[in-house]
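Report on one structure; see the data block that follows.
The values are calculated or read from the model by the stated rules, or taken from the named source; none is laboratory data. Since this is a predicted model, take the numbers as computed values, not measurements. FYI the Cβ positions are ideal-geometry reconstructions off the backbone, even for glycines, and counts take in every protein chain you see.
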Amino acid sequence: MRKLWIAGNWKMNMGGREGIELLKEMRNSLSGSKVDVGIAPPFTLIPHASEILADSGILLGAQNMFYEEKGAFTGEISPSFLLDFGVNFVIIGHSERRKIFGEDEELIKKKVKKALDVGLLCILCVGETLEERERGETKEVVKRQVLSALEGLPSLKGLTIAYEPVWAIGTGKVATPEQACEVHAFIRELIKEDIRILYGGSVKPENARGLLEKEEIDGALVGGASLKVSSFSEIVRIAEEVW
């Protein structure tokens, strides 16, 4: 069985002193978990997080990165900057990056390749909008996003895919375990490699068990529930019981 991974995406929250305190609480609560646990705070917290999470077993993540090491790219973050602070993984292609910031398939493909080339674990996010699901286009959309991002990669080592139906992100809605499992199985058949596939989209302690008990679901990419020690720790505890 693939080891479960619970990753918290703090998004644009907890970027200052309150985030430092939250990281300390997370370390105290989650160190030594028997499943993989990761936290992706805002960029401003990464240097602090590197120190706070050192030797805790908690993976440190970044929410985005650019595909070049250095240059005239105002406002961007180089993968080498992340590596300097011990970042373990990076989230690429989140629906908010695609929709709000206009990241297209070509840009996402470059980022995925660069992340894997430099040795970062990469969580590639894919998923359909509500309109696409209602038109019956879920598999078509997911297939396009997955195959485009993986085109030309010599290996999928270090890659994790997160299926995040856009209609379930931050809305309080969640795909049923059966809906999520169907898409996870489709992705696995598509890539034909034994990598982890996480579910993301309003994951909370109340629905985590039903999702994580499904064989095709290898963990969760958690948004709002990762901003509180109590809820995030409970999801991790459930994952430990399931695994």
Examine segment 112-131 for a residue that is without any contact (Cβ under 8 Å) to a residue 60 or more places away in the chain, buried (at least 21 other Cβ atoms within 10 Å of the Cβ), of a type outside the set (A, V, I, L, M) and assigned to a helix (DSSP H, G or I), and state whether such a residue exists. no
Pairs only if they're at least six apart or on different chains, beta carbon under 9 angstrom, first in segment 172-196 and within 27 Å of residue 224 (Cβ to Cβ) and without any contact (Cβ under 8 Å) to a residue 24 or more places away in the chain, second among the β-branched types (Val, Ile, Thr) and surrounded by 15 or more Cβ atoms within 10 Å (Cβ to Cβ); list them, first residue then second. 179/138; 182/138
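Select from segment 203-223 the residues that are assigned to a loop (DSSP other than H, G, I, E, B) and in contact with a Pro (Cβ under 6 Å, 6 or more places away or on another chain) and list them in ascending order. Walk me through how you get there before you give the answer.
The initial filter retains those residues of segment 203-223 that are assigned to a loop (DSSP other than H, G, I, E, B), namely 203-204, 213-218, 223.
Scanning segment 203-223 gives a single hit, 214.
Say whether the condition of being under 13 Å from the mean Cα position of the chain (by Cα), at pLDDT 95 or above and not basic (Lys, Arg) is met by at least one residue in segment 48-60.
Taking segment 48-60 and keeping what is under 13 Å from the mean Cα position of the chain (by Cα), we get 59-60.
Cutting the leftovers down to at pLDDT 95 or above gives us 59-60.
Adding the requirement that they be not basic (Lys, Arg) leaves 59-60.
Yes; the residues of segment 48-60 include at least one that is under 13 Å from the mean Cα position of the chain (by Cα), at pLDDT 95 or above and not basic (Lys, Arg).
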Every residue from segment 115-139 that is out of contact with any strand residue (DSSP E or B) (no Cβ under 9 Å at 6 or more places or on another chain) and either more than 18 Å from residue 99 (Cβ to Cβ) or of a type in the set (S, T, N, Q) (or both): 117, 118, 119, 129, 136, 138, 139
Count of residues meeting criterion [surrounded by fewer than 23 Cβ atoms within 10 Å (Cβ to Cβ), among the polar types (S, T, N, Q) and closer than 12 Å to residue 232 by Cβ] in segment 1-33: 2
Select, from 190, 211, 156, the only residue that is of a type outside the set (Gly, Ala, Ser) and either buried (at least 20 other Cβ atoms within 10 Å of the Cβ) or within 23 Å of residue 234 (Cβ to Cβ) (or both). 211
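Could you tell me whether segment 34-44 includes any residue that is surrounded by 14 or more Cβ atoms within 10 Å (Cβ to Cβ), at pLDDT 95 or above and farther than 27 Å from residue 242 by Cα?
Within segment 34-44, the first condition is being surrounded by 14 or more Cβ atoms within 10 Å (Cβ to Cβ), and the residues that meet it are 35-43.
Of the ones still in play, those that are also at pLDDT 95 or above are 35-43.
Checking which are farther than 27 Å from residue 242 by Cα leaves us with 42-43.
Within segment 34-44, one or more residues are surrounded by 14 or more Cβ atoms within 10 Å (Cβ to Cβ), at pLDDT 95 or above and farther than 27 Å from residue 242 by Cα.
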Hey, among the residues in segment 177-202 that are modelled with pLDDT under 95, in contact with a Gly (Cβ under 8 Å, 6 or more places away or on another chain) and in a loop (DSSP other than H, G, I, E, B), which one's farthest from residue 163 (Cα to Cα)? 202
Every pair of residues 6+ apart whose Cβ atoms lie under 7 Å, when the first sits in segment 88-99 and is part of a helix (DSSP H, G or I) while the second is of a type in the set (A, V, I, L, M, F, W, C): 95/125; 95/166; 95/169
Select from segment 166-178 the residues that are crowded, with 16+ Cβ neighbours inside 10 Å and either among the charged types (D, E, K, R) or more than 18 Å from residue 239 (Cβ to Cβ) (or both) and list them in ascending order. 166, 167, 168, 169
Complete set of residues in segment 132-153 that are surrounded by 13 or more Cβ atoms within 10 Å (Cβ to Cβ) and farther than 20 Å from residue 182 by Cβ: 148, 149, 150, 153
